[in-house]
1. Can you compute the modelled spin-label distance between R100 and V73, with each label point 7 Å from Cα toward Cβ, in nm?
2. With θ set to phi - 60°, apply the Karplus curve 6.51 cos²θ - 1.76 cosθ + 1.60 along the stretch 243-252 and write out the HN-Hα couplings as whole Hz, x wherever there is a Gly or Pro.
3. Angle between the Cα long axis of helix 336-346 and the longest principal axis of the chain, 0 to 90 degrees, nearest 10?
4. Normalised radius of gyration for the stretch 217-368, please: alpha carbon Rg relative to 2.2 N^0.38 Å, two decimal places.
5. Looking at the P(r) of the chain, how many percent of alpha-carbon pairs lie beyond 36 Å?
6. Simple spin-label model, 7 Å along Cα-to-Cβ: E147 to A16 in nm?
7. Run a plain Debye calculation on the stretch 3-109 (Cα atoms as equal point scatterers, no solvent) and give log10 I(q)/I(0) at q = 0.10, 0.22 Å⁻¹, rounded to two decimals, same order as the q list.
8. Pull up all non-local amide H partners of A295: gap of 5 or more, or a different chain, and H-to-H distance under 5 Å with H placed in the peptide plane.
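None of the figures in this text is laboratory data; all of them are computed from the coordinates on show. Predicted model only: the values in this text are computed from it and were never measured. Glycine also receives a Cβ, built like all others from the backbone with ideal geometry; neighbour counts cover every protein chain displayed.
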Amino acid sequence: MSDHVLIIAISLGCSAGVCVLGAGLVWVLRRRSLRWGIAVVALVAVGSFVAALMGTAQAMFLSAHDLQVAVWVSVVAGTVSVAFALVVGQLAVRWSRILRDAARDFGTQSSFPAGDRGPAEFDELAAELRRTSDRLNEAQARERRLETSRRELVAWVSHDLRTPLAGLRAMTEALEDEMVADPAAYYTQMRSEVHRMTRMVDDLFELSRIHSGTLQLSLQEVSLGDLVSETVAGASAVARAQGVRLGGRARDEALVTADPAELSRALSNLVINAVRHTPVDGQVVVRVRADEGTAEVSIDDECGGIPVEDLARVFDVAWRGNHARTPTADSGAGLGLAIVQGIVEAHRGTVSVTNLSHGCRFLVRLPV
Ligand SMILES: Nc1ncnc2c1ncn2[C@@H]1O[C@H](COP(=O)(O)OP(=O)(O)O)[C@@H](O)[C@H]1O
Ligand SMILES: [Mg+2]
C-alpha cells in the first residue's frame, strides 16, 4: 500500500472516530442551547484534524518534536475556533430570543413587532408570524363585529316584537271591554301585526339555520330564468300596489344547481326590497345573464342610491339603514339581506350591491 493511501485511510478512520464521539455529544446536548451544537461542530473539526495527525504521525515520518508542535498549534487554533463558534452561536441564540419575546408580546398586544434584520431563516419565520398575526387580528375583528351585530339583533328584535305586542294587547283589551266603534278595522290591524311578527320569527329561524350550518339544500338543476319569472310574478301585486313598474328579462338561458325554494326566497327578498325602496312611478328591472362559468341575476331599482358609507353594511344582520326603528306594516327587522347572503353563499355564490345613477343594483352570481 502506498504512503498516500495509508495516510488517507488512517486519517479517515481517526476523523470518523471523532465524528462518532461528536455525534454522541450533539445527541446529549440536543435539548440544550443552539450555541453548544455549533461549538461541537468547531470542536469536531479541530479534533478530527488532531486525531488524524496523531494517527498518521508514524506514516508521515514526523519526529516526536514536530508532532508536539503540530498538536500544540492545533490545540490553540481549536480553542480559538470553539470560542468563535460560541460567539456565532450566541448571535443565533439572540435572534431566537428576539423572536420569542416578539411572539410573547404578540399574545398580549395582538401585533408581531420583530424586525427583519436577522439570518434568513429567522426572517422567514418572523415574516410568517407577522402574516399569522395579521390573520389573527382580522379574525378577531370579524368575531367582534359578529358579536356586536348579534347583540344588536337581540336588542332590536325584542324592540320590534314589543311594539306590535303592545298594540295587540291594547286592541284586545279594547275589544274585550267592548269600547270599539269599528271592530272590523281592529281585526284587520291585528291580523297585519300578527302577520308581520310571524314573518319576523320565520326570518329569525331561517337566519339561525344559516348561521348554525343546519340549512339543508335539496339541490337540483333549476332554470334561473324560470325562477326569476316566478319571483317577478309573485312580487307583481306588491309592485302594483306601490305604483312601481316591475319587469324581468332573461337574456340567456342559465341552468344552475340550486335549491329552488331557498334561492327563490333570496331572489324574492331582493325584488321586494327593490320595489319597496323605489318611489311611485319608478321602475325595477330584473335581468338574468350567463357568462363563462357563472350565472348572474341583477336587480336594478330607483331607490336614489345607498350612502357610500352604508354599502358595506347592508348585508349585516339587523342593519336597516339610518331610519328610526319604528316598525311599519311592510318593514322587516333588517334580516332580509343577511338571509339573502347566507342562502347565496350556501350555493357557493356571491351577492353584492353597487350604486347606479338613480338607484342601486343588487347582483347575485352563481356558479353554473
Ligand atoms: N333595493 C334596495 N334599495 C335601497 N336600499 C335597500 C335596498 N334593499 C335594502 N336596502 C337597505 O338595506 C336595509 C336592510 O335590508 P333588509 O336586510 O332587507 O332589511 P329590511 O327589509 O327588513 O329593512 C334596508 O332597511 C334598506 O335600508
Ligand atoms: Mg328586506
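1. 4.1 nm
2. Those phi angles translate into x, 10, 7, 10, x, x, 9, 10, 6, 10 Hz.
3. 50 degrees
4. Computed over Cα atoms of the stretch 217-368, the ratio equals 0.99.
5. Of the Cα pairs, 54 percent sit more than 36 Å apart.
6. 6.4 nm
7. -0.41, -1.11
8. Under 5 Å from the amide H of A295 lie the amide H atoms of L366, V368, each far enough along the sequence or on another chain.
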